[in-house]
Amino acid sequence: MDKLPRLPFAEWIDNGLDWLIAMFSPVFDGISTLLASIVEGIVNGLGVIPSIVLAILFALLAWFISTRGIALFTLVGFLFIDYLGFWYPMLQMLALVLTSVLFAILLGIPIGILCSQKATVRKIVNPLLDLMQTMPAFVYLIPAIFFFNIGVVPGVVASVIFSMPPTIRLTMLGIQQVPSDLIEATEAFGSTTWQRLSKIQIPLARPTIMAGVNQSIMLSLSMVVIASMVGAPGLGEQVYRAVTQLKTGVGVEVGVSIVIVAIILDRITQHAGMKKRGGIS
Amino acid sequence: MTDQEVRKKIEVKKATKIFGRNSKRAAQMLQEGKDKEEILKATGATIGVNHAEFDIYDGEIFVIMGLSGSGKSTLVRLLNRLIEPTSGHILLDGEDIVRMSKEQLRKVRREKIGMVFQNFALFPHKTILSNTEYGLEIQGVPKEDRQAKAKEALKLVGLAGYEEQFPNQLSGGMQQRVGLARALANDPDILLMDEAFSALDPLIRKDMQDELLQLHSEMGKTFIFITHDLDEALRIGDRIALMKDGEVVQLGTPEEILMSPSNEYVERFVEDVDLSKVLTAAHIMKQADTVQVDRGPRVALRLMKRLRISSIYVVDKRGQLLGAVTAQDTVNAIENDQSLEDVLIDSLPVVSPDCVLTELFDLVSTATIPVAVVDEQNRMQGIIIRGALIGALSGDGQFINENGVIEPIDEVTEEVMQNG
């Protein structure tokens, strides 16, 4: 092995990145501004509302979508986080999660639909998804810093990439799982591809797609915590600080807060997916 | 259907479907006359449909019948190109479906061909009404129009009032009615029914068959019905195409298939058929000897003596059945100087010519004289003799009238009649 010249992969990648940055910096700047303002908008918007009111609003939302028990848990959980003094970081984290999930859905569902229709797309996307899911989460952060500096934006971008695969995969799966006799029926009546998708396949795949969205939310939650290493604000930042300063007590407090948020988001979105509509069994 | 009014709705010309990669090679081997097994071994390709060639007439119920794997489901899907034929042509109203562009094909599917599926294939997330209006919805028909048409179609299949239910709230039979309504709502010329009743239990199945026949006679559409059940095929088909290994092995009316199977395969197929559900009174009735009522008892008695029978049916001048007289009563009538009317036994059981044999058993076994077959005007058509009924059930061709020709009672049956 010693005889073989060592190919400078790392160098090539670095050069490639430099080239990308040089070429597309206006694009990246645009994305950067957009993401930052969305996150900021959410944080500011939610920040205006008194914590108690917001907690009640969330509880009502939980009640409407899922069960009374979860609504109660939401109320108590949010008030507890407020009591611990993590209300504002919690809002920041929530804004990061919402923004990244929004983009994960906006990108992931169309890609998933495309994959379900075209075998060639599927062949290209599948290994990419494998790569995205197995690559250590930290690795996304490095190029994200290059393109978007430090702060909120690389955090959002990294967690969009990290959390998108389940939405893509489950959208694809849900559409492919629609029984073939139903597909045949839509074809026999002369549906166009879009009519088949929009009227039959996507509505029937909805529970599966929602399960994917739920998974994406969970993944992005874990990613925004890691993203605190590149300066993303929120509860993750608190964890990071607790770790670096070896403050176990604070670490546990913040950790519990994150778990509470995770449980609330998970239960609410799970029910959104399962929520019965008409005759779907 | 007489020959003059026959119009070809669909012409299938050498339609062939080969599944698998080496379809070219397989097609070549097929040309050389190699069989399915050989081709599978050599190329890995499966022959779905092999040079199917037949016409389907406007307004008939055409049944494609065969066991599973015979290619019948593939064949029906070639008709609306849900499956792309490997070669051959399919002409619908003279236009070749195989050569149509996607748009043209979509138009044909929307306007001319409806389809009903074995497992109903209803959309579980849509109500019965919105399932039924689906075909119209995708054509862009305004909501009110399409709902009105869908409701009409649901009414036609007896499901008025179920519009807002969901498919899983309905029984299998009802679900298939929705499937039927969905296909009818588009008002297509042709209805493809792929094993439409196979998933239903036998009683509901029979009801559905009856309703289908009724719908057919009301609407005059062309029905193409796939089934693996010979009884069903014989019951509803105007003509039947029997398939085996992707080939149409025989095509004919139910009677032709039953009575003259073209080869051993068809013969084996039909030997288990329950003849009692297929054959009707018209198939087994014999020419009746009757006497006109005004001829008097002496003529009646002489006829009976010469024919060596113990009773005879009495008709009026127009051939309408009045009743029967026995030889003993006739003798008494002559002695007492009575007319035939005085000793006439009326209120005898009668049957119509299209009554199937199963419905005859009870009647024939309890009747003291052969049961009379009469048409709607109560005109005497023939009689049913116990021996002929049993003979026909055993599949003995000499007891079955072919092509509607009613044989006079010959010596064999005369003897039977004596005993009967």
Exercise. All but one of (1) under 27 Å from the mean Cα position of the chain (by Cα); (2) in a helix (DSSP H, G or I); (3) not charged (D, E, K, R) hold for B:GLY114, so report the exception by its number.
Key: (2)
Quiz item: Residues in the stretch B:60-107 that are in a loop (DSSP other than H, G, I, E, B) and of a type in the set (S, T, N, Q): how many?
Solution: 5
Quiz item: Which is surrounded by 23 or more Cβ atoms within 10 Å (Cβ to Cβ), away from every other protein chain (no Cβ under 14 Å) and touching a Leu at 6+ places or on another chain (Cβ under 7 Å), of B:MET65, B:MET115?
Solution: B:MET65
Exercise. For B:VAL178, state whether it is in a helix (DSSP H, G or I), at the interface with chain A (Cβ under 9 Å from one of its Cβ atoms) and under 31 Å from the mean Cα position of the chain (by Cα).
Key: no
Self-check item: B:ARG146 more than 12 Å from every other protein chain (Cβ to nearest Cβ), buried (at least 19 other Cβ atoms within 10 Å of the Cβ), more than 28 Å from the chain's Cα centre (by Cα) and not small (Gly, Ala, Ser)
Solution: yes
Quiz item: Does A:VAL53 meet the test of being without any contact (Cβ under 8 Å) to a residue 60 or more places away in the chain, part of a helix (DSSP H, G or I), surrounded by fewer than 11 Cβ atoms within 10 Å (Cβ to Cβ) and on the phi < 0 side of the Ramachandran plot?
Solution: yes
Quiz item: Is it the case that some residue within the stretch B:101-109 is of a type outside the set (Asp, Glu) and away from chain A (no Cβ under 11 Å)?
Solution: yes
Quiz item: Just wondering, is there one or more residues in the stretch B:104-118 that are closer than 20 Å to A:PRO179 by Cα and out of contact with any helix residue (DSSP H, G or I) (no Cβ under 6 Å at 6 or more places or on another chain)?
Solution: yes
Quiz item: Would you call B:SER198 of a type in the set (S, T, N, Q), surrounded by fewer than 20 Cβ atoms within 10 Å (Cβ to Cβ), free of Cβ contacts under 8 Å to residues at least 40 places away in the same chain and closer than 27 Å to B:SER73 by Cβ?
Solution: no
Quiz item: Where in the stretch A:157-270 are there helices (runs of 4 or more DSSP H), lying fully within it, with 3 or more residues that are touching a helix residue (DSSP H, G or I) at 6+ places or on another chain (Cβ under 7 Å) and more than 14 Å from chain B (Cβ to nearest Cβ)?
Solution: A:202-226, A:235-244
Practice problem: Considering each residue of the stretch B:123-143, count those that are of a type in the set (A, V, I, L, M, F, W, C) and either more than 8 Å from every other protein chain (Cβ to nearest Cβ) or at positive phi (or both), and give that number. | Solution: 4
Quiz item: Taking the stretch B:192-212 as the region of interest, how many residues are more than 28 Å from B:LYS14 (Cβ to Cβ), in contact with a strand residue (DSSP E or B) (Cβ under 8 Å, 6 or more places away or on another chain) and not aromatic (Phe, Trp, Tyr)?
Solution: 2
Quiz item: Which residues, counting only those in the stretch B:73-100, are within 28 Å of the chain's Cα centre (by Cα), more than 10 Å from every other protein chain (Cβ to nearest Cβ) and of a type in the set (S, T, N, Q)?
Solution: B:SER73, B:THR74
Quiz item: Would you say A:ARG122 is assigned to a helix (DSSP H, G or I), within 16 Å of the chain's Cα centre (by Cα) and over 22 Å from A:ASP14 (Cα atoms)?
Solution: no
Quiz item: Would you call A:LEU17 more than 20 Å from the chain's Cα centre (by Cα), outside any helix (DSSP H, G or I) and either of a type in the set (A, V, I, L, M, F, W, C) or closer than 23 Å to A:PHE162 by Cα (or both)?
Solution: no
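Values quoted throughout were computed directly from the atomic coordinates according to the rules given, and no laboratory measurement underlies them. As the structure is a prediction and not an experimental result, all values here were calculated from the model. As a convention, Cβ positions derive from the backbone with ideal geometry for all residues, glycine included, and neighbour counts pool all protein chains shown.
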